[in-house]
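First up is the structure itself, then whatever we jot down about it.
The values are calculated or read from the model by the stated rules, or taken from the named source; none is laboratory data. None of the values given here were measured: they were computed from a predicted structure. Note that we place each Cβ from the backbone using ideal geometry, even for glycine, and neighbour counts take in every protein chain shown. Just the protein is used for accessible areas: all its heavy atoms, side chains included, with ligands, DNA and RNA removed. Shrake-Rupley method; radii C 1.70, N 1.55, O 1.52, S 1.80 Å.
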Amino acid sequence: MLGPVILAASRSDKMRRFVSAAPGTKQVVDRFIAGETVDQVVPIVEDAADKGLEVTLDVVGEDITTPAQAEAARDAYLELIERLKDLGLGTRAEMSVKLSMFGQSLEGGHELALANVRPVVEAAAAIGTTVTLDAEDHTTLDSMFAIHEELRKDYPETGCVIQSYLFRTEDDARRLAAAGSRVRIVKGAYKEPATVAYQDKAEIDKAYVRITRILMEGEGYPMIGSHDPRLVAIAQELGRQAGRKLDEYEFQMLYGIRSDEHLRLAAEGHRMRVYTAYGTDWYGYFMRRLAEKPANLLFFGRSILTKG
């Protein structure tokens, strides 16, 4: 039951100040956040490439209140893409973007987010890589899917994310599992009401399996976002049942979580992509990582108690 409480705290300025000031915060944040600057994250991309891993890079930050902030988010991604181009790492790293960072919640936000994200998708395609649109809370999804559809007209490999805890997602998966699509399936990490989302973990996991089957049996490219060993094994079996080769889908896991599993899956011949977040506005992302797994919260609590 702690998850919903932590997700509520992720929107609290008071909790943001408390967590930021806590003595043990930096130790735990460093586990999940790869750094604050492009210079800090580039060596991580290079190290991943050396180990046979790929990455998806997320410049963290969601609480955008002005068009200028949205343009700054766009420019941060363009800077990242330019660095990857200079280092010849374009084919090893894709981008994950949250449309809230590009102004989606502002007045005229749908058009603003599309205008800001399009040059990022264009620049990524120019260096041989792709962009995936992250899913956020359910109120934003119709806009996200519409932007995804629009971008795919010119950049058909643009990906999107679906969340198994939402009732709507099985229908979304059927629509998206078409030739050329790239779809990441995750459980979901936002506080959603019982009117739109499963609240029980077992039901969320069952939905995850049903949706993974839809994606595996479809014509698109599934991206399995999970650290759960059982769901990973089920996805492998569903891939085999669907006759998929190991390079016809991939696994994705977060930076700092189950790193040995990253290497194991890559050694087996799977495409393994590490979701790597960086930037200064880390609070919302960090709190959702705590909410997803109680062990993360215990780790954070121990760090605070031992650093006083």
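Here is how the numbers come out for the structure above:
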item	result
Per-residue ³J(HN,Hα) for the stretch 102-116, Karplus 6.51 cos²θ - 1.76 cosθ + 1.60, θ = phi - 60°, Hz, x for Gly and Pro	9, x, 4, 8, 7, 4, x, x, 4, 5, 5, 5, 4, 5, 7
Residue-count net charge about Val38 - beta-carbon cut-off 10 Å; Lys, Arg +1, Asp, Glu -1	-3
With every protein chain in place, the stretch 164-251: carbon and sulfur % of accessible area (1.4 Å)	54
Gln199-Asp171 pseudo-label distance in nm [points 7 Å out on the Cα-to-Cβ vector]	2.3
Dimensionless Rg over Rh [the stretch 221-276; C-alpha; Kirkwood]	0.93
Alpha-carbon centroid distance for the pair the stretch 232-286 / the stretch 53-125, whole angstrom	22
Orientation-averaged projected area, Cα convex hull of the stretch 125-192 (nm²)	4.7
FRET efficiency estimate (nearest 0.05) - Cβ-Cβ, Glu237 to Glu261, R0 22 angstrom	0.85
Hull-based mean projected area of the stretch 27-152, where the convex hull spans the alpha carbons, in square nanometres	8.1
Flagged links, alpha-carbon separation over 25 Å, of Lys98/Lys191; Lys201/Lys245; Lys51/Lys98	Lys201/Lys245; Lys51/Lys98
Length gained when the stretch Arg244-Thr66 is fully extended (0.36 nm per residue, less Cα-Cα span)	59.6 nm
